[in-house]
Amino acid sequence: MQISKYICLNGDFIKSDQPVIDSSNRAFRYGDALFETIHANGTEPQFLELHINRLIKGMKVLKMNIPDTFKFDYFRKIIISILNKNRQLQGARIRLTVFRNPGGLYAPSTNDISFILESSPLDYDKYILNIKGYAVDIYQDILKPVNVLSNLKSTNSLVYVMAGIYRNEKKLDDSIILNEKQRIAECTGSNIFIAKEMKFFTPGLNEGCLDGIMRYKVIQLIKSLGYFINDNCSLTIQDLLTADELFLTNVITGIRWVVAFRQKRYYNKTSKLLIQKLNEVTFRDYD
């Protein structure tokens with residue numbers, strides 16, 4: 001017997017095959033929405049406080065009204081409930097989307113919001129390093145602007161969509177996005193790091209990259225291991241070509257090591273070390 005799946009709309013659980021939004025939805029019309037993608041191990045959401053803080057920070061930038069209920073305990077309770085309802089008790093992906101309520105054209109008639117929370121299963125409950133290294137290249141057709149919106153995780157994601165199409169057309173594993181100054185910003189769904197002689201570098205937030213949760217956690221991890229990291233630098237294509245290692249980070253997959261950028265080839269020594277330590281730090285309370 002097929003198990004009914006559920007989503008959560010403003011705190012109410014609804015079967016996932018039921019309609020919940022209409023054509024006036026501002027996320028659909030204008031991309032007037034933010035979202036968080038959260039990793040769960042068992043029924044425990046990882047890094048939830050960081051996710052909620054980032055969400056609220058973005059809502060303030062977009063001048064959305066923030067409900068009093070938007071707290072750690074509230075969302076943790078809902079996430080645990082939906083994972084149990086959907087019987088997703090191993091690794092799971094949670095998507096929390098917050099959108100401004102309908103009304104107005106470009107200028108909204110209200111700043112009140114609604115939210116939808118969804119869950120889907122993952123193959124693994126912890127982080128597993130990819131066996132086959134990624135092949136990546138530069139997506140150059142659209143440059144990402146650098147402004148106050150650049151670091152937000154919003155549904156206005158056309159640059160990532162187009163970079164993803166380029167990735168598929170070129171049979172790559174990911175595409176590197178440049179900012180308006182022709183410097184490295186990020187990849188389609190990940191932040192980017194390089195390692196050179198056991199020193200680490202990643203573009204600063206002022207380069208237009210997403211303010212990634214896993215980016216933050218990996219920076220803290222590298223520091224805790226006693227290695228040098230510059231997390232506020234500018235990276236160019238030349239930096240990629242002279243690096244010893246190149247890896248990508250996001251909260252669902254953890255760390256993905258890159259084997260090839262054009263004709264350049266990389267090792268994965270630090271990726272192996274970091275994902276091992278990341279699992280030890282992240283999941284030690286849930287074993």
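Looking only at the stretch 222-256, count how many residues are touching a Phe, Trp or Tyr at 6+ places or on another chain (Cβ under 9 Å) and over 18 Å from Tyr134 (Cβ atoms).
Of the residues in that region, 7 qualify.
Looking at Leu248, Leu278, Leu240, Leu273, which one is touching an Asp or Glu at 6+ places or on another chain (Cβ under 8 Å) and among the hydrophobic types (A, V, I, L, M, F, W, C)? Working first, answer last.
Working: Leu278 fails: touching an Asp or Glu at 6+ places or on another chain (Cβ under 8 Å); Leu240 fails: touching an Asp or Glu at 6+ places or on another chain (Cβ under 8 Å); Leu273 fails: touching an Asp or Glu at 6+ places or on another chain (Cβ under 8 Å).
Result of the check over Leu248, Leu278, Leu240, Leu273: Leu248.
For the stretch 149-161, state whether one or more residues are over 30 Å from Val259 (Cβ atoms) and hydroxyl-bearing (Ser, Thr, Tyr).
Pass one, the stretch 149-161, residues over 30 Å from Val259 (Cβ atoms): 149, 152, 154-156.
If we keep only those that are hydroxyl-bearing (Ser, Thr, Tyr) too, we end up with 154-155.
Yes, because at least one residue in the stretch 149-161 is over 30 Å from Val259 (Cβ atoms) and hydroxyl-bearing (Ser, Thr, Tyr).
Would the stretch 79-91 turn up any residue that is in contact (Cβ under 8 Å) with a residue 12 or more places away in the chain, touching a helix residue (DSSP H, G or I) at 6+ places or on another chain (Cβ under 9 Å), polar (S, T, N, Q) and within 24 Å of Ile275 (Cβ to Cβ)? Spell out the reasoning first.
Step one: list which residues in the stretch 79-91 are in contact (Cβ under 8 Å) with a residue 12 or more places away in the chain, which gives 79-91.
Okay, now just the ones that are also touching a helix residue (DSSP H, G or I) at 6+ places or on another chain (Cβ under 9 Å), so 79, 88-89.
Going one step further and asking which of them are polar (S, T, N, Q), we end up with 88.
In the following step, the residues that additionally are within 24 Å of Ile275 (Cβ to Cβ) were identified as 88.
Yes, because at least one residue in the stretch 79-91 is in contact (Cβ under 8 Å) with a residue 12 or more places away in the chain, touching a helix residue (DSSP H, G or I) at 6+ places or on another chain (Cβ under 9 Å), polar (S, T, N, Q) and within 24 Å of Ile275 (Cβ to Cβ).
List the residue pairs whose Cβ atoms are under 9 Å apart, where the first residue sits in the stretch 124-148 and is farther than 22 Å from Gln263 by Cβ, the second is of a type in the set (Asp, Glu) and in a strand (DSSP E or B), and the two are 6 or more positions apart or on different chains.
If the second residue must be of a type in the set (Asp, Glu) and in a strand (DSSP E or B), the pairs left are Lys144/Glu186.
Might you let me know whether the stretch 198-206 holds any residue that is part of a helix (DSSP H, G or I) and either in the same structural domain as Val146 (by TED's automatic domain parsing) or free of Cβ contacts under 8 Å to residues at least 12 places away in the same chain (or both)?
Just the residues of the stretch 198-206 that are part of a helix (DSSP H, G or I), to begin with: 205-206.
From the residues that got through so far, the ones that are either in the same structural domain as Val146 (by TED's automatic domain parsing) or free of Cβ contacts under 8 Å to residues at least 12 places away in the same chain (or both) too are 205-206.
The answer is yes, given that some residue of the stretch 198-206 is part of a helix (DSSP H, G or I) and either in the same structural domain as Val146 (by TED's automatic domain parsing) or free of Cβ contacts under 8 Å to residues at least 12 places away in the same chain (or both).
Does the stretch 257-287 hold any residues that are in contact with a Phe, Trp or Tyr (Cβ under 9 Å, 6 or more places away or on another chain) and among the charged types (D, E, K, R), and which are they?
Correct list: Lys272 only.
Being free of Cβ contacts under 8 Å to residues at least 24 places away in the same chain and in a strand (DSSP E or B) is true for just one of Ile38, Ile14. Which residue is that?
Values: Ile38 fails: free of Cβ contacts under 8 Å to residues at least 24 places away in the same chain.
It is Ile14.
For the stretch 1-38, give me the residue count where each residue is of a type in the set (Asp, Glu) and modelled with pLDDT under 95.
Number satisfying all stated conditions: 2.
Would you point out the residue of the stretch 177-194, among those that are crowded, with 24+ Cβ neighbours inside 10 Å and touching a residue at least 60 places away in the same chain (Cβ under 8 Å), that is nearest to the chain's Cα centre (by Cα)?
Taking the candidates together, the pick is Ser190.
The values are calculated or read from the model by the stated rules, or taken from the named source; none is laboratory data. It should be emphasised that the depicted structure is a prediction, and the values quoted were computed from it without experimental measurement. In this analysis, Cβ positions are derived from the backbone assuming ideal geometry, glycine residues included, and neighbour counts consider all displayed protein chains.
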